[in-house]
Amino acid sequence: MKLLRTVSLIAVCFFVCGSISFAEYNSEKLGEAAGAYLAATDVMIKLSQSECGYITKEKPNISLQETTDEILQHLNEQDAKELLSYIESQAFKDQMVENDEFISGFMSVGAEGDELDEKTLCGMLLSNVALQYSAAGQKWKDAIQLYADNKVSSDEKNIPDGIERKAASGDPESQYQLSLLYLENEIQGSEDQQTGIYWMKKAAIQGYTEALGSMAYRYFTGNGVENDRLKALEYFLIAANKGDKISLLNMKSLGSLFLQQNDSLTLIRRLANSGNAYAQFILANAYYHGSFIEKNLIAAFEYYKDAAENGYAKAQFDLGNMYFAGIGTDRDYAKGFKWTQKAAMNNHSIAQYNIAIYYCNGKGVIQDLSEAYKWILIFLASGQSQDSRGDDYKKNEATKLKYELSNFLSSDQIAQAKEEAAELWDKIQKQG
């Protein structure tokens, strides 16, 4: 099938992007992982911004700059200079252009000979790219653990003093680090692989986030373990609930595949009823949209409420919207404002924009143009939206509203609003 050939090209793309050629062994390993992670991030972003992203309404909350900054935090001064030099190089720019051309050409040639609609094709493609991004992100995390602090200096394993004792005593971080040492240069079916996975499982069972994400990926792909997508779903959900961004992205892109599995809804419901906010949010979405389950807006409202009360920002935002619209519950503007504001304080940027609008028109709150001006400043400062689409439109509208509001406020009111916005934005960032 043409699609399968197209999907396989994506995996190749991540490897031909190359690595940053750091000199020493540890730096070289970091460079390989960093290069693959940057390339995977770029392809994921470009695909989500393509026609496929529009069709499937998928938009990951990631950026190439954020990935670069994340990598730089773990490099020494010399390696950081090499990374920045690599990003400025013509080779890197040429690769980004190739990624652009590859993604833009997919819709015109990717579906030839396939009897699938565009949405299905794009969903499959996005799922595959999400897995490649997940693998690259996990390899980067593993590389940090192994090489950033010079823990491994050659191809020969070098187990730091005390780590096996700590792992055996039940310390999950030591179990995870020990697993990575055994899984370096992994060979399928080897004794080292099985030992590494043994310690990875130990850390995952104790809820160690990185181990959960790594084991979820292994269970999903069958890498070193028996393929078990139900177990993968469970681990992805637990890691996502802990805020692991790669697991969140996998759930966003692979959610429909998981929901088609037998017993998946039973598992999600069990985790939701045990207090897993992300599982509650997934179940709420399923009930709201009627995805693989009978549509039930009252049930959707209840699960959004559970997730919102557990602090999940997107659920708080959706719950606020349900109160405002009277969906699944009685219309209540005051409660709608309350939950939208909670989402805004949890750095949901569209909620921040909406709070400004509510203060403008006095919906659910007493009209206050100074407060509206303050929240518009916060929205513009927040930069990236967690909403699926429409960032640029909202930013343009916010800029216009900021200008219009300034005509109704004194210079003192504007100065005070700016000061309060800066303080509140600082608070939101710190608690996020």
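The values are calculated or read from the model by the stated rules, or taken from the named source; none is laboratory data. Being a predicted model, the structure only gives us computed values, none of them experimental. Virtual Cβ from ideal backbone geometry, glycine too; neighbours counted across all protein chains shown. We work out accessible area using only protein heavy atoms, side chains counted, and drop any ligands, DNA or RNA first. Shrake-Rupley method; radii C 1.70, N 1.55, O 1.52, S 1.80 Å.
For region 270-331, which trypsin sites (Lys or Arg not before Pro) pass both filters: DSSP loop (anything but H, G, I, E, B) and at most 12 other C-beta atoms within 10 Å? The partial results should precede the final answer.
Details: sites: R270, K295, K305, K314, R331; in loops: K295, R331.
Here the trypsin sites (Lys or Arg not before Pro) that fit, given the DSSP loop and packing criteria, are K295, R331.
Given a 1.4 Å probe and every protein chain left where it sits, what share in percent of the accessible area of region 228-297 is carbon and sulfur? Could you put the intermediate results ahead of the total?
Details: 1340 of 2960 Å².
C and S fraction of accessible area: 45 percent.
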Would you please name the GluC sites (Glu not before Pro) within region 278-368 that are DSSP coil residues with at most 14 other C-beta atoms within 10 Å of their C-beta? E294
Determine the share of region 306-432's accessible area contributed by carbon and sulfur atoms, expressed in whole percent, with a 1.4 angstrom probe. 44 percent
In Å², what does the accessible area per residue of region 305-432 work out to with a 1.4 Å probe? 50 Å²
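Can you figure out the FRET efficiency of D161 with Y393, using R₀ = 41 Å and their beta-carbon distance, to the nearest 0.05? Don't skip to the end; give the middle numbers.
On the way: r = 57 Å, r/R0 = 1.39.
Calculated transfer efficiency: 0.10.
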Cα centroid distance between region 410-432 and region 175-245, in Å? 43 Å
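Residue separation times 0.36 nm, minus the C-alpha to C-alpha distance between K295 and D332: what's the value?
Values: separation 37, 0.36 × 37 = 13.32 nm, distance 2.24 nm.
Once the chain is fully extended between K295 and D332, it gains 11.1 nm.
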Tell me, what ³J(HN,Hα) does each residue in region 274-287 have, in order and in whole Hz, if you take phi through Karplus 6.51 cos²θ - 1.76 cosθ + 1.60 with θ = phi - 60° and put x for Gly and Pro? 8, x, 6, 4, 5, 5, 4, 5, 4, 5, 4, 4, 4, 5
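In Å³ and rounded to a whole number, note down the convex hull volume per residue for the Cα atoms of region 173-240.
Values: hull volume 4.5 nm³, N = 68.
About 66 Å³ per residue, rounded to a whole number.
Longer than 29 Å from Cα to Cα, which of K201/K295; K295/K427; K245/K305; K93/K342; K81/K427; K295/K402 are they? Say none if no pair is. Numbers along the way, then the final one.
Numbers: K201/K295 37 Å; K295/K427 38 Å; K245/K305 23 Å; K93/K342 41 Å; K81/K427 32 Å; K295/K402 40 Å.
In this structure, K201/K295; K295/K427; K93/K342; K81/K427; K295/K402 exceed 29 Å between Cα atoms.
Region 304-404: Rg/Rh from Cα coordinates, Kirkwood Rh?
0.96
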